[in-house]
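The values are calculated or read from the model by the stated rules, or taken from the named source; none is laboratory data. Quick caveat: nothing in here was measured; it's all calculated off a predicted structure. Here the Cβ is made from the backbone with ideal geometry for all residues, glycine too, and neighbour counts use every protein chain on show.
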Amino acid sequence: MAFFRDPGEMFLGCLGTAEQRFLVTLIQTAAKSGYTRFVEPCAGTFAMANLAVRNGFKPEQIETSDVSMMTSVLGYAITDQSLAPLEIHAQGFSDEELLDPATALYAQMYLRTSKSAGAEYFHNMLVDLKYRRAEHIASIQKQIDATRELLHGMSYRPLDMWDHLREVLDDPHALVIANPPTYFSGYEKFYDTQGKMTWKEPPYQMFDPATGHQQLYDLCMNSKALVVCYQEKRTGEAVGHTIFARAGTRADLNSYITTNREEEAVALAHGKKIKRPSESKLEPLECSMLPRDYEIREDSKLRIIQIKAAEAQYYRELWTHNFVGSSATWNRAVLIDGYIAAVFGISKMAADSLFVWYVMKVPHKTYRLGRLCYMLAQNREFCDTLLDELDREKVTKIRTAMITKYPENKEVRGIMKLCSRAVDKQQGYKLTYEAPIINTRSEKETLTEWLRKEKQWQENRVKTTK
């Protein structure tokens, strides 16, 4: 497994295509309007520096900073700085080896993978990293070279975001684009090697999204520099002047780009872009529903297809009498022999898991089709269609929650384990279930396993009714 699949992945951030298009216009106009200093604190994988250098700013006008070791190694490589001042030490690697940026990045990936090697997926990844070490390091070096070619000339320092901001906020020619963490301590958890790799980490204040954005705008609201910040917040909770918004980024959170000077930022971006969720016209798919008495066999053809929210909504309302809509990032339909059998929605809710928001299925005389959906959602083969490469490494389990009158939910019994049971005053219980992602099971194998369990369940039902 390569460090990144291609050089462009160095610039993968949490910003979607719509957000990046909006920022491109703002950056292009700013570069032509007297802004001569582009600042990216919390640089991460240099996503904003990448946009800046491609849209009017010279590398010499760009300054970046971060507190992560990965970013610092890459930043030092881009700016031709020796890694010696970073004082990197790693278990199984000599200090001399770690002066090479590609080897240092490989070492971090190897050691943070090793902490999860008890799981089969990470064990296989670790074996591949070990036995193809030279290939991985060469791939990383190739991507470092491509990044250096693009951004060489910019400046980089291992520096806390707050310290960097205080240095630049009095400069009226500075454009600051901040993309602080969207999860509290997300950086610490993702890059943790359990002490197997250390470096001269700069002092920094952990960023808590719950309070950090307000702290940011308290600092910069009256500054001379133009500050732009990306946030993921619930409706009505964005901090600063909103110039871009997109609903349903993940679960109940929305994507916001905010600023300390609304009028100026809007002029640079050629207008606001606020996309609110609209009432969609319900749409059925161009296929029939699975008949209530249809026999599903091991040789039945099973497919999971992407569907629009309006299509999912159609079947959700059709198949339930008390429909309460909950939004999901991804909506999928399960087709069996060309018939629609179920729909389900899924989102990435936490760094290590995907969350199933809803499962709705055709009423059937024989089968529990909802269980098939939960099993399909557990497969690594399916999960990887939703995630980028970095998230594939982090996401190891799937979760769901439900409100019920009973202390257990039979639909997921034997598929997922109950990890939380809370009393709900109105409905009875709120149950949370989770299960590890299954790395090797195909859709066909899932269908076979599900049919076997359904047959066993039906036989047991017959016994208990006699």
**Report entry** Residue ID - farthest from LEU159 (Cα to Cα), chosen from residues in segment 77-136 that are within 27 Å of the chain's Cα centre (by Cα) and of a type in the set (Val, Ile, Thr)
**Finding:** VAL127
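Take the residues in segment 379-404 that are assigned to a strand (DSSP E or B) and of a type in the set (A, V, I, L, M); name whichever of them is surrounded by the fewest Cβ atoms within 10 Å (Cβ to Cβ).
The qualifying residue surrounded by the fewest Cβ atoms within 10 Å (Cβ to Cβ) is ILE403.
Yes/no matrix, rows are residues, columns are (1) at pLDDT 95 or above; (2) more than 29 Å from ARG132 (Cα to Cα):
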position	(1), (2)
ASP6	no, no
GLN20	no, yes
LEU26	yes, yes
THR45	no, no
SER72	yes, no
GLY75	yes, no
ALA84	yes, no
HIS89	yes, no
ASP95	yes, no
Report summary line: Those residues of segment 218-234 that are within 25 Å of the chain's Cα centre (by Cα) and either on the phi > 0 side of the Ramachandran plot or of a type in the set (Ser, Thr, Tyr) (or both) come to a total of 1
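Scan GLU449, GLU443 and give me the residue that is in the same structural domain as TRP357 (by TED's automatic domain parsing), touching an Asp or Glu at 6+ places or on another chain (Cβ under 9 Å), among the acidic types (Asp, Glu) and closer than 30 Å to MET125 by Cα. Let's see the steps before the verdict.
Numbers: GLU449 fails: touching an Asp or Glu at 6+ places or on another chain (Cβ under 9 Å).
Going through GLU449, GLU443 in turn, the sole match is GLU443.
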Report summary line: Filtering segment 308-329 for residues that are out of contact with any Phe, Trp or Tyr (no Cβ under 9 Å at 6 or more places or on another chain), under 30 Å from GLU389 (Cα atoms) and modelled with pLDDT of 85 or more leaves a count of 2
Query raised in the report: Can you tell me which of HIS270, HIS241 is assigned by TED's automatic domain parsing to the domain that holds PRO41 and farther than 22 Å from GLY56 by Cα?
Result: HIS241
Report task. Quickly run through segment 30-60 and pick out the residues that are in contact with a Ser or Thr (Cβ under 6 Å, 6 or more places away or on another chain) and part of a helix (DSSP H, G or I). Result -> ALA49
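Residues that are without any contact (Cβ under 8 Å) to a residue 12 or more places away in the chain, at least 2 per element: which helices (runs of 4 or more DSSP H) completely within segment 71-158 meet that? Lay out the reasoning, then the answer.
Values: elements: 101-114, 120-131, 133-151.
The helices (runs of 4 or more DSSP H) meeting that bar are 120-131, 133-151.
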Report task. May I ask you to say which residue of PRO363, PRO407 is in a loop (DSSP other than H, G, I, E, B), within 30 Å of ARG292 (Cβ to Cβ) and not hydroxyl-bearing (Ser, Thr, Tyr)? Result -> PRO363
Requested in this report: Check ASP218 against each of (1) closer than 29 Å to PRO85 by Cβ; (2) part of a helix (DSSP H, G or I) and name the one condition it does not meet.
Outcome: (1)
Query raised in the report: Among ALA138, ALA134, ALA174, which is the only one that is small (Gly, Ala, Ser) and surrounded by 15 or more Cβ atoms within 10 Å (Cβ to Cβ)?
Result: ALA174
